[in-house]
Amino acid sequence: MDIDRFCSLDGSDPFWDWNRTWFASNPDLTQCFQNTVLVWVPCVYLWLCAPLYCLHLRHHDRGYICMTHLNKAKTVLGLLLWVVCWADVFYSFWERNRGVAIAPVYLVSPTILGITMLLAGGLVQYERMKGVQSSGVMLIFWLLAVLCATVAFRSKILQALGQPSSVDVFRCTTFYIYYALLLLSLALSCLSDSPPLFSQVVKDPNPCPELGASFLSKITFWWITGLMVHGYRRPLEESDLWSLNPADQSQAIVPQLVRSWHQECSKAKRLSETSAYFPKRPRAGPGASGLRRRRRCCW
């Protein structure tokens, strides 16, 4: 099926239009591009990452996080996004029953998006059961979804201001609700959840905040800002320092060092044995080659 026919039955909505996107005083993307690429990009990202991410969580279990207001809100937002997407699907079926010609994109894209939102809600709960306090995968997904929806949000505002008679009230309303829920989901994904049950952080009186920091705080090193401020105001004392993370302690680092040391020793031993059995031949000087040439000339 042609992509233009996929977006509009009569082909009036092209997938790409240079005159509208590039050679225009107020550039905008076509509705076909918005209903396909801008909707599918976050979905493709999450579906590609989900199998590998679930496999990673399965082999890196940090414990169990009890139900908190944060993960409850994340799950509820995922369900609400699924409801909004399926509202568009049912509205398209209702229009078809009334004899209105509907392009396939108005059925396919909301369906894919709704299933993806269910996957996002399921990943939130799976992360909670595996002890993930903040997820970089989900933060990138919500950020992609917000960025793509922002482009469509601008386009719908321009359409409402320039061509108010062509606005689909129901789909515009559901999109505005969808966009608001995306912003809330992105904001919640920037926060960190409670530590896992029976974890070392709970037992430690002075734990390092890196373990419980959000993904955004880790990549910006915001979690160490408090210690830097204390060190700027007054000299740091031993009581100001945090406990070492389990991965930074000697019981975790020394075995890795010993293993790497043995590997390097084995390489050096093999290299010395090879040199003993196959000694390097001494390189001939410049006079030797000339002598060989003179001998050939004499013969």
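No value in this document is a laboratory result; all are computed from the given coordinates. As the structure is a computational prediction, the values presented were derived from the model and not from experiment. Cβ atoms come from the backbone with ideal geometry, glycine included; neighbour counts cover every protein chain shown.
Residue 125 to residue 157: FRET efficiency via 1/(1 + (r/R0)^6), r the Cβ-Cβ distance, R0 35 Å, to the nearest 0.05?
E(calc), rounded to 0.05, equals 0.50.
Could you state the number of Å between the C-alpha centres of segment 136-163 and segment 71-135?
Segment 71-135 and segment 136-163 have Cα centres spaced 16 Å from each other.
Estimate the FRET efficiency between residue 252 and residue 76 by the formula 1/(1 + (r/R0)^6), using the beta-carbon distance for r and 41 Å for R0, to the nearest 0.05.
Here the calculated transfer efficiency is 0.60.
Any idea what the relative contact order of the chain is, in percent, if you count C-alpha pairs under 8 Å spaced at least 6 apart?
The value is 19 percent.
Taking only the alpha-carbon atoms of the chain, what semi-axes of the equivalent ellipsoid follow from 5 times the gyration tensor eigenvalues under a square root, in whole Å, largest first?
Listed largest to smallest, the semi-axes of the chain are 55, 37, 20 Å.
Would you mind calculating the gained length between residue 210 and residue 170 on full extension (0.36 nm times residue separation, minus the Cα-Cα distance), in nm to one decimal?
Full extension of this stretch gives 9.9 nm more.
If we sort 50-60, 259-269, 106-116, 213-223 on the protection proxy, mean other Cβ atoms within 10 Å, highest first, what's the order?
With the highest mean Cβ count within 10 Å placed first, the list reads 106-116, 213-223, 50-60, 259-269.
What distance in nm lies between label points placed 7 Å from Cα along the C-beta direction at residue 220 and residue 60?
Calculated label separation equals 2.2 nm.
At 15 angstrom or more along the helix axis (alpha-carbon based) and mean Kyte-Doolittle of 1.6 or higher, what helices does the chain contain? Whole DSSP H runs only.
Helix filter hits for the chain: 136-162.
Taking the Cβ of each residue in 105, 76 as the centre, tally the other Cβ atoms inside 10 Å and list the residues starting with the fewest.
76, 105
May I have the count of lysine pairs in the chain with C-alpha atoms under 23 Å apart, counting pairs 8 or more residues apart or located on different chains?
8
Going by a ≥ b ≥ c, the root eigenvalues of the Cα gyration tensor, does segment 199-251 fall in the rounded group (a/c under 1.5), the prolate group (a/b larger than b/c) or the oblate group?
Oblate, since a/c reaches 1.5 and b/c is not below a/b.
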